[in-house]
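Structure record follows, encoded as structure tokens.
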């Protein structure tokens with residue numbers, strides 16, 4: 001029996017993906033081989049435990065699948081231990097915190113508003129609820145906070161601010177050089193020495209520049225803290241040699257398996273040689289935190305899909321793909337800058353671009369930009385920016401990236417097209433502004449969307465996008 005309603009909805013989503021350009025930097029297209037694994041008979045099996053140590057029978061084949069995934073990850077990333085069972089990135093990160101800390105002990109992570117992740121100690125996350133969380137930020141942000149500590153708060157005022165550029169209309173080019181680094185390591189070191197965290201997170205979800213893990217390692221070693229790299233966004237770039245690896249410098253690495261790695265939605269936790277040198281029992285602690293600490297049986301179809309994605313990432317063509325992602329991002333960033341937009345870091349060294357619209361538009365215009373661009377066939381997400389003038393609910397920036405478009409085969413000239421469309425759309429929304437009265441915002445945005453749906457320029461640009469994407473089928 002076919003579920004016609006679900007099949008209809010899937011067809012609608014397939015059409016949406018085919019007729020638009022996916023620019024959300026955490027999304028990608030899995031290969032047919034990966035998707036075949038997800039729909040295989042492995043979804044029928046229950047495999048609580050670890051290979052050769054299961055709580056159910058009939059796991060001989062599944063054991064081989066999981067071991068294969070482990071071995072491929074070890075070889076690809078150069079680590080002695082890996083757990084491939086986490087259901088997704090957030091449970092993987094929580095498992096690491098559980099393995100390394102006791103409830104109430106201190107961890108240190110990048111503030112969400114400054115480009116970090118919820119699971120790096122945000123107050124609404126279990127990592128911030130059950131553990132003492134110290135949050136650091138960027139040079140441009142004042143949003144560096146530590147829970148219940150006036151002493152730590154005093155450090156925030158000392159953070160160096162990069163000069164704010166004067167307001168510039170979209171269409172005015174900028175030729176500033178790339179900002180080398182947005183972290184103030186001296187201030188982060190002071191914070192670490194004051195708070196003595198037991199573990200430090202390094203890893204971002206909205207940061208466009210390469211991470212210098214060796215600098216973080218010095219700080220972590222000085223305070224005898226575990227250093228954990230969350231490379232969820234850049235795992236594919238690391239695998240393809242387009243971004244430095246954290247492995248030589250950190251004790252533990254977490255990553256999702258989609259995003260730039262182009263696999264299924266899942267996650268892995270890796271322990272490095274440095275990690276085992278610090279604590280030989282680290283791999284056992286990680287395993288116990290995943291199961292039985294947080295999860296039951298692994299999703300065996302997901303494990304097989306991870307193994308396939310790791311195989312694909314080990315091929316020579318994947319290296320070309322990873323480097324093309326970065327090339328495309330740099331071309332797109334340059335196009336946006338030439339259109340007068342301000343980019344956090346003044347560009348990109350990775351797959352990701354963060355646009356600060358507060359310099360060219362009214363504050364809080366991220367949601368307007370997201371909705372208008374979506375109507376033109378470009379999907380990205382609203383995002384906070386350093387020195388965010390409004391709030392995470394109505395942020396002043398947009399976050400975009402090139403992994404998915406690169407998977408479809410798009411290259412430099414296509415990035416210039418995307419940049420041009422973005423500039424035209426962002427020019428169209430300049431007359432709008434977020435109402436000061438919070439009660440009026442919902443209705444105002446609804447009215448804005450209705451106007452954009454009828455806008456002839458938006459319709460024309462969407463047609464241009466469709467005409468381009470026809471040349472680039474999704475896997």
Exercise. Where both partners of a DSSP beta bridge lie in segment 49-313, what percent of those bridges are antiparallel, to the nearest 5?
Worked result: 45
Problem set entry | Principal axes of segment 1-56: Cα extent on each, largest first, Å | 47, 36, 16
Problem set entry | Ellipticity estimate at 222 nm from DSSP helix runs (n ≥ 4, -39,500 (n - 2.57)) divided over the chain, nearest 500 | -13000 deg cm²/dmol
Seminar exercise, completed: Computed over segment 260-332, the convex hull of the Cα set has an average projected area, in nm², of 7.0
Seminar exercise, completed: Volume per residue (Å³) of the convex hull spanned by the alpha carbons of segment 49-313 is 136
Exercise. Using alpha carbon centroids, what distance separates segment 379-445 and segment 189-218, in Å?
Worked result: 28
Exercise. Looking at segment 24-133 from every direction and averaging, what is the projected area of its Cα convex hull in nm²?
Worked result: 9.5
Seminar exercise, completed: For 68, 310, ascending order of other Cβ atoms within 10 Å (fewest first) is 68, 310
Problem set entry | DSSP beta bridge pairing in the chain, given as percent antiparallel to the nearest 5 | 55
For this session: For segment 272-328 and segment 239-256, write down the distance between their C-alpha centroids in whole Å.
Result: 11
Seminar exercise, completed: Given 456-463, 432-439, the highest-first ranking by average Cβ count within 10 Å works out to 456-463, 432-439
For this session: State the percent of C-alpha pairs, over all pairs in segment 322-454, separated by a distance greater than 24 angstrom.
Result: 26
For this session: For a footprinting-style exposure proxy, rank 132, 218 by other Cβ within 10 Å, fewest first.
Result: 218, 132
Seminar exercise, completed: Assertion target for 131, 393, 283, ordered by fewest C-beta neighbours within 10 angstrom first, is 393, 283, 131
For this session: Any chance you could list the semi-axes, whole Å, largest first, of the equivalent ellipsoid that the Cα gyration tensor gives for the chain, using √(5λ)?
Result: 35, 30, 20
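Since every read-out is calculated from the coordinates, none of them should be taken as a lab result. Predicted, not measured: the structure shown is a model, and the values here were computed from it. A quick note on method: Cβ atoms are made from the backbone with ideal geometry, for glycine too, and the neighbour counts reach across all protein chains shown.
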